[in-house]
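Below is one structure, written out as structure tokens; the observations come after it.
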There are 2 protein chains.
Amino acid sequence: MATARLVLLVALVFGTSGGAWAAQEEDVAAPVIHALRLLAGSGGDLGRHGGVPCDSWRLAVEAYNMRDWQTVPASCEGYVGNYMLGGHYRRDSAVVVDEAVAYAEGLKLGGKGKEVWVFDIDETSLSNLPYYATHGFGTKPYNATSFNAYVLEGSAPVLPETQRLFRKLISLGIKPVFLTGRTEDQRAITVANLRRQGYSGWMKLVLKPVGFKASAIVYKSGERKKLQDAGYVIVGNIGDQWSDILGTPEGARTFKLPDPLYYIG
Amino acid sequence: MATARLVLLVALVFGTSGGAWAAQEEDVAAPVIHALRLLAGSGGDLGRHGGVPCDSWRLAVEAYNMRDWQTVPASCEGYVGNYMLGGHYRRDSAVVVDEAVAYAEGLKLGGKGKEVWVFDIDETSLSNLPYYATHGFGTKPYNATSFNAYVLEGSAPVLPETQRLFRKLISLGIKPVFLTGRTEDQRAITVANLRRQGYSGWMKLVLKPVGFKASAIVYKSGERKKLQDAGYVIVGNIGDQWSDILGTPEGARTFKLPDPLYYIG
């Protein structure tokens, strides 16, 4: 019963194609926030009910004070749900993208088309919120089987603020490069998902070789090094994990999008 | 009139010696939050009134998305005031320190007393909130004359969460080192202020040479390098600015305390 109601709420937010979320306004989201509060028994903006204060926990995650965590504190499920499904997540993302756009607009390009900008995919370019909303908002351990099944649906909705940056960069002559922890065998569905959600014009999509065993930082910084060695200038790099934006070469400027759902080291 | 009322409020929070803040509980702070709201015309937790959403701005500052900013957005004065004077700042700081204490307790020390932990001073070990509360909560440009006059009073109150970490480290056998952007000519008053607020037992207090012109990152990482070259192991490093914790050697683990009042690059 509770799960069925939650699925209904998520459907309400995302619509059938994900396009509904792109147009979502805060006043539309308000009743969803309220309903989710009732559902999860959460109350107030602080999400303090017994355990760690959830807003302080989220801040510590975003400022890289909290590392190597496995799951969202159980007592914060309702708080994280409200954060993600309400207007707060979108608003926080918009401020990051505003800053990235201002930075990009201020760049002086070399005129040879060598400037690139690295985009992570999951929770950066596409949202897996429909999955996480039915799997405890990060409070449950990662389940590769069910998560990969979700990825293979190719239905992840766009993160509209990131897409705004993506399009702005193309208009400025900066080439987007996707660099993702998704594996090479997920290339076709990932391309289909990206196109379906309105992405086009990227220079390159780098996926991880199947069976590759290094950490995300080692894998991603290694791929950025290859771009640099090929003569590209990484003027920007945006991701939802610190492991997207740490490790030389990071890119001239890095941006950390919010993600209170999971941690990748 | 408005200023006089604000001074009264700050006095209410800090008491005369600063000791009142150390014992401050959220329920005590509540009426202050309310009064400040009326004063500054702010409303709600989000602090969204016209300009940038203040909570998203603060998150972007803490996650190092917002860089080289000069002043707090004028529309966020009330929001930042509420954040700093209410329980929110203290709660966010407590979660960071909880994480630092857990990390320190998990360390295996070499047994030769070589492990050190670097502490910044302003907005890390001591609070300049009494100054900022009467100078627009960071919305006004930095005024070296009035700020230095405040520092020379030696009255900055303790940040109690940081002091909890400081004392825990000493009990574990890890030596605290203060590393501050305050200049060498402020040594005596800084020592007096630290002692008055209950700090004792630090291994070293490093102040900046008068007239030193490098950036904070260059200055501080250079001093950490000297510690390392002298045989010390920097197991931890805590500050309120990203420039406290960036730059090789950073320290084995870094912690970013909240600070929405000012930016030092």
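The values are calculated or read from the model by the stated rules, or taken from the named source; none is laboratory data. Just so you know, these numbers come straight off a predicted model, no measurement behind them. Neighbour counts are summed over all protein chains in view; Cβ atoms, including those assigned to glycine, are modelled from backbone coordinates with ideal geometry. Areas reflect the complete protein model, heavy atoms only, side chains present, ligands, DNA and RNA absent. Shrake-Rupley method; radii C 1.70, N 1.55, O 1.52, S 1.80 Å.
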## Note on the structure
A:TYR89: passes all of (1) more than 7 Å from chain B (Cβ to nearest Cβ); (2) out of contact with any Phe, Trp or Tyr (no Cβ under 8 Å at 6 or more places or on another chain); (3) closer than 19 Å to A:PHE255 by Cβ but (2)
### Query
In the range B:112-127, is there at least one residue being on the phi > 0 side of the Ramachandran plot and either of a type outside the set (S, T, N, Q) or open to solvent by 20 Å² or more (accessible area, probe 1.4 Å) (or both)?
yes
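Please specify each residue of the range B:96-108 satisfying the condition of being open to solvent by 10 Å² or more (accessible area, probe 1.4 Å) and touching an Asp or Glu at 6+ places or on another chain (Cβ under 9 Å). I'd like the intermediate steps shown before the answer.
Restricting attention to the range B:96-108, the residues satisfying the condition of being open to solvent by 10 Å² or more (accessible area, probe 1.4 Å) are B:98-99, B:101-103, B:105-108.
Once the filter is applied, which keeps residues that are open to solvent by 10 Å² or more (accessible area, probe 1.4 Å) and touching an Asp or Glu at 6+ places or on another chain (Cβ under 9 Å), the range B:96-108 yields B:ASP98, B:LEU107.
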### Summary
A:ALA192 passes all but one of the listed conditions (1) out of contact with any Gly (no Cβ under 7 Å at 6 or more places or on another chain); (2) among the hydrophobic types (A, V, I, L, M, F, W, C); (3) free of Cβ contacts under 8 Å to residues at least 40 places away in the same chain; the exception is number (1)
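Suppose the filter is open to solvent by 10 Å² or more (accessible area, probe 1.4 Å), over 15 Å from the mean Cα position of the chain (by Cα), under 24 Å from B:THR190 (Cβ atoms) and modelled with pLDDT of 95 or more; does B:THR145 pass it?
Values: open to solvent by 10 Å² or more (accessible area, probe 1.4 Å): yes; over 15 Å from the mean Cα position of the chain (by Cα): yes; under 24 Å from B:THR190 (Cβ atoms): yes; modelled with pLDDT of 95 or more: yes.
In short, yes.
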### Query
Hey, does the range A:156-163 have a residue that's charged (D, E, K, R), under 14 Å from the mean Cα position of the chain (by Cα) and open to solvent by 10 Å² or more (accessible area, probe 1.4 Å)?
yes
### Query
So is B:ARG224 in contact with a strand residue (DSSP E or B) (Cβ under 8 Å, 6 or more places away or on another chain), surrounded by fewer than 22 Cβ atoms within 10 Å (Cβ to Cβ) and touching a residue at least 60 places away in the same chain (Cβ under 8 Å) or not?
no
#### Entry: Among (1) surrounded by 17 or more Cβ atoms within 10 Å (Cβ to Cβ); (2) closer than 17 Å to B:ALA60 by Cβ; (3) touching a residue at least 60 places away in the same chain (Cβ under 8 Å) - the single one B:GLY239 does not satisfy
(2)
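Can you give me the number of residues within the range A:92-115 that are assigned to a helix (DSSP H, G or I) and within 14 Å of chain B (Cβ to nearest Cβ)?
First, pick out the residues of the range A:92-115 that are assigned to a helix (DSSP H, G or I): A:92-105.
Filter again for within 14 Å of chain B (Cβ to nearest Cβ), leaving A:92-104.
Of the residues in the range A:92-115, 13 are assigned to a helix (DSSP H, G or I) and within 14 Å of chain B (Cβ to nearest Cβ).
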### Summary
Counting only strands (runs of 3 or more DSSP E) wholly inside the range B:170-265, the ones holding at least 1 residues that are within 20 Å of the chain's Cα centre (by Cα) and either under 21 Å from B:MET66 (Cβ atoms) or within 14 Å of chain A (Cβ to nearest Cβ) (or both) are B:175-183, B:233-239, B:254-256
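Regarding the range B:140-150, can at least one residue be identified that is of a type in the set (Val, Ile, Thr) and in contact (Cβ under 8 Å) with a residue 24 or more places away in the chain?
Quick first cut of the range B:140-150, residues of a type in the set (Val, Ile, Thr) only: B:145.
With the extra rule that they be in contact (Cβ under 8 Å) with a residue 24 or more places away in the chain, the set shrinks to none.
No, the range B:140-150 contains no residue that is of a type in the set (Val, Ile, Thr) and in contact (Cβ under 8 Å) with a residue 24 or more places away in the chain.
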#### Entry: Flag for B:TRP69 being within 13 Å of chain A (Cβ to nearest Cβ) and aromatic (Phe, Trp, Tyr)
yes
